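To start, the structure itself, in structure tokens.
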Amino acid sequence: MKKKSITEPRTSHTFDAYTNSEIRRAAETGIYDIRGGGSKRNLPNFDDLLFLGASISRYPLEGYRESCNTKVILGDRFSSNPLNLEIPITIAGMSFGALSAQAKEALGRGASLVGTSTTTGDGGMTKEERGHSKQLVYQLLPSRYGMNPDDLRKADAIEIVVGQGAKPGGGGMLLGQKINDRVAEMRTLPKGIDQRSPCRHPDWTGPDDMEIKILELREITGWKVPIFVKVAGSRPYYDVALAAKSGADVVVVDGMQGGTAATQEVFIENVGMPTLACVRPAVRALQELGLHRKVQLIISGGIRNGADVAKALALGADAVSIGSAALIALGDNDPRYQKDYEKLGTKAGSFDDWHEGLDPAGITTQDKKLSKRLDPKLGGRRLANYLNVMTMEAQTIARACGKNDLRNLEPEDLCALTVESAAMAGVPLAGTNWIPGT
Amino acid sequence: MNILDFNKLSLRDINKTLQGSDKNSFFSIRNPKGSHALAVGINKQITVKVVGSVGYYFAGMNKLSDIKVEGSAGPGLGENMMSGNIHVTGDVSQYAGASGHGGSILVEGNASSRCGISMKGVDIIVKGNVGHMSAFMAQKGNLVIFGNAGHALGDSIYEANIYVAGEVASLGADCIEKKMTKKHLSNLENILSNANVSDYNPDTFRRFGSARSLYNFNVDNAKIY
Ligand SMILES: Cc1cc2nc3c(=O)[nH]c(=O)nc-3n(C[C@H](O)[C@H](O)[C@H](O)COP(=O)(O)O)c2cc1C
């Protein structure tokens, strides 16, 4: 008889359990994995930066007493009615179709309670979100689903979506399970079919065309509302420069951690740059054009708390935008639905099959019963609380750095914990004055 | 009739006048010099005649208006129009009628590539030829082509109809020739009579549309995705 081995069974780093299960899944189904959410891999991120705080060389502001401004104006370059936000955190575009009408309403309510904006998404504007959003940004997407000049004129700003961080160079996806009558009608497509939105706009290609597109939108809306251009974080230096050159009032850069309603997993995890690496090149592009602070920069992709907000602003952004975190605030992946998640073969915190439309929290679904689980008023309240907390956290940090305005935070307030993050954020490695790559 | 002359007025002035005009007004635009974004965002029943050629996005996102160009038009003619009519006596560039939700476009000359891309209910009639990738991802509405169609006609088409009297260089993914039924013939006749087009022989038209094989993911189609 063979002697029993005395060494531990060894598992492979290359072929780890998840990788193997994915190979088996692919072999079984013959289709790539589609899911919602953002990148789940361990990327360099804002956690790799620290604030230095004030001491003798700089002194702090009094924690609760001295004021620290959080207001920001978005879009005053060319528009006569820019957005006036109380806080520098906006709600990112998430489509009706991907989200339930209740979820869209809750986002509008929450944003309005704290004086910030929310954004439509692929599939058009719903009356619920227009009605409950004081400041609503209307997206112009490649698909043009539900695109309507009347809605355009009802918008407080327009966002031309060129790309999304979760899938730079890719289009949207909404699978048949979620295409009920209302969604189908808004998109002018048959019910129950899989929708793969295009990745390119139907009526322009390069930046010179985009400039004329922006002119058209301004002529339609009488030069009143700001025009945002949203790009995925892939070549932020060039893309931000071209967006600004094309006449954008505001540029949104969405890093690869950015969430999506549904995309191929291979896309989410392997295309794009980490949000952390996008900020400085974007800011540099605007500075070199003399447009930093004149064209506002919004950063998104994996923003979770007030520290992330403060760090993005310190690196030069004017505001941030959140998608996933807002959904979590509403109740997405909440442990109280653990049993339901188990029935779907997953667990609270890991549920990402949003495209199947079976969300127990009633957020990423079009199912009547499930979507009723989300009370839009309560959801709105929860979102408002969360946005307030983030703002107060960011103010706490700013005051400790001696700043009476969140946007007075600067790269000099930061150090980096790793060589990678020092290079990406352009701030010194902690304890040194070394910024790799400069 | 009101004359709006580009030699005297700016684009902003002219668009503002058109957008703010009373119902049933009539305008004649002179010296357009290929201007972009002209006559956009009109949502009233007015009549506009342009003497000369226009640039990008002419008459984009319009509702109800009746517009004629005596000349040619640049890319994105009538993009996302909702209703009303556009009539161009010359040729039009790429993406004519892109994403149009309703109304009708009549082009007496040729249309370049991607004519009717993403169309969502508009009717487009081209008396000449259309370029490649026309009716790409066309969702709803009708594209009527009197001349020839370029390569990959109707690629990834949804529920729109394409009628072609001339030759088709090639069909795109999931686009097939379909039977010209009585219903479709009368649909074609309606579209053309609404646009006051009468000089044609209905028997010369063939119909194309979606095979609907890409509507839901199917492993056996993987190469096309
Ligand atoms: C459910 C969901 C739907 C989305 N839909 C859209 C959309 O329709 N248009 C768009 O530009 N971005 C869309 N996004 C991306 C967000 O606008 C935003 O870029 C992203 O969520 C930011 O990253 P975060 O989720 O880490 O905060 C969606 C994101 C999510 C989570």
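The values are calculated or read from the model by the stated rules, or taken from the named source; none is laboratory data. Just so it is clear, the model here is predicted, and its values are computed rather than measured. With ideal geometry, Cβ positions are generated from the backbone for all residues, glycine too; neighbour counts draw on all protein chains shown. Note: areas computed on protein heavy atoms with side chains; ligands, DNA, RNA excluded. Shrake-Rupley method; radii C 1.70, N 1.55, O 1.52, S 1.80 Å.
Things worth noting here:
- Qualifying positions in the range B:70-96 - more than 14 Å from every other protein chain (Cβ to nearest Cβ), without any contact (Cβ under 8 Å) to a residue 24 or more places away in the chain and either surrounded by 24 or more Cβ atoms within 10 Å (Cβ to Cβ) or charged (D, E, K, R) (or both): B:E70, B:V88
Results for (1) open to solvent by 40 Å² or more (accessible area, probe 1.4 Å); (2) among the polar types (S, T, N, Q); (3) away from chain B (no Cβ under 14 Å), shown as yes or no for each residue.
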site: A:R153; (1), (2), (3): yes, no, no
site: A:A157; (1), (2), (3): no, no, yes
site: A:V162; (1), (2), (3): yes, no, yes
site: A:K167; (1), (2), (3): no, no, yes
site: A:M173; (1), (2), (3): no, no, no
site: A:I179; (1), (2), (3): no, no, no
site: A:A184; (1), (2), (3): no, no, no
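- Selection of the range A:234-266 for residues being over 16 Å from the mean Cα position of the chain (by Cα) and under 30 Å from A:Y32 (Cβ atoms) yields A:R235, A:Y238, A:D239, A:Q264, A:E265, A:V266.
Each row is one residue, and each column tells you yes or no for (1) in a loop (DSSP other than H, G, I, E, B); (2) away from every other protein chain (no Cβ under 14 Å); (3) open to solvent by less than 10 Å² (accessible area, probe 1.4 Å).
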residue: B:S99; (1), (2), (3): yes, no, yes
residue: B:I105; (1), (2), (3): no, no, yes
residue: B:G109; (1), (2), (3): yes, yes, no
residue: B:S118; (1), (2), (3): yes, no, yes
residue: B:A135; (1), (2), (3): yes, no, yes
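- Among the residues making up the range A:25-41, those that are exposed (fewer than 12 other Cβ atoms within 10 Å of the Cβ) and at pLDDT 90 or above are A:A27, A:E28, A:R41.
- Here B:V164 does not fit the description of being under 16 Å from the mean Cα position of the chain (by Cα), away from chain A (no Cβ under 14 Å) and within 19 Å of B:I86 (Cα to Cα).
- Here A:L99, A:L49, A:L61, A:L74 are screened, and the one residue that is touching a Cys at 6+ places or on another chain (Cβ under 9 Å) and either more than 27 Å from A:T418 (Cα to Cα) or free of Cβ contacts under 8 Å to residues at least 24 places away in the same chain (or both) is A:L61.
- Identity of the residue in the range A:205-229, touching a strand residue (DSSP E or B) at 6+ places or on another chain (Cβ under 8 Å) and not aliphatic (A, V, I, L, M), that ends up surrounded by the most Cβ atoms within 10 Å (Cβ to Cβ): A:F228
- Members of the range A:291-316 found to be over 21 Å from A:Q164 (Cβ atoms) and of a type in the set (S, T, N, Q), listed by number: A:N305
- Complete set of residues in the range A:103-141 that are over 16 Å from the mean Cα position of the chain (by Cα), under 23 Å from A:H201 (Cβ atoms) and open to solvent by 10 Å² or more (accessible area, probe 1.4 Å): A:M125
- Taking the conditions (1) open to solvent by 10 Å² or more (accessible area, probe 1.4 Å); (2) touching a Leu at 6+ places or on another chain (Cβ under 7 Å); (3) within 11 Å of chain B (Cβ to nearest Cβ) in turn, A:Q195 satisfies each one other than (1).
- Conditions (1) within 14 Å of chain B (Cβ to nearest Cβ); (2) within 21 Å of A:T120 (Cβ to Cβ); (3) at pLDDT 95 or above: number failed by A:S246: (2)
- Out of B:S186, B:S170, one residue alone is away from chain A (no Cβ under 12 Å), open to solvent by 10 Å² or more (accessible area, probe 1.4 Å) and within 22 Å of B:S83 (Cα to Cα). It is B:S186.
- Residue match in the range A:230-241 (condition: more than 10 Å from chain B (Cβ to nearest Cβ), open to solvent by less than 10 Å² (accessible area, probe 1.4 Å), of a type in the set (D, E) and more than 28 Å from B:G97 (Cβ to Cβ)): no
- Verdict on A:A285 being crowded, with 22+ Cβ neighbours inside 10 Å, touching a Phe, Trp or Tyr at 6+ places or on another chain (Cβ under 9 Å) and within 25 Å of A:E86 (Cβ to Cβ): no
- Of all residues in the range A:357-377, those being in contact with a Leu (Cβ under 9 Å, 6 or more places away or on another chain) and surrounded by fewer than 17 Cβ atoms within 10 Å (Cβ to Cβ) number 1.
- Among the residues of the range B:194-204, none qualifies, meaning not one is crowded, with 16+ Cβ neighbours inside 10 Å and out of contact with any Leu (no Cβ under 8 Å at 6 or more places or on another chain).
- Unique match (being more than 16 Å from the ligand (Cβ to nearest atom) and open to solvent by less than 10 Å² (accessible area, probe 1.4 Å)) among A:V309, A:V295, A:V320: A:V295
- Within the range A:252-283, considering residues that are charged (D, E, K, R) and in contact with a strand residue (DSSP E or B) (Cβ under 9 Å, 6 or more places away or on another chain), the one nearest to the ligand (Cβ to nearest atom): A:D254
- Residue list for the range A:214-258, restricted to those being basic (K, R) and without any contact (Cβ under 8 Å) to a residue 60 or more places away in the chain: A:R235, A:K245
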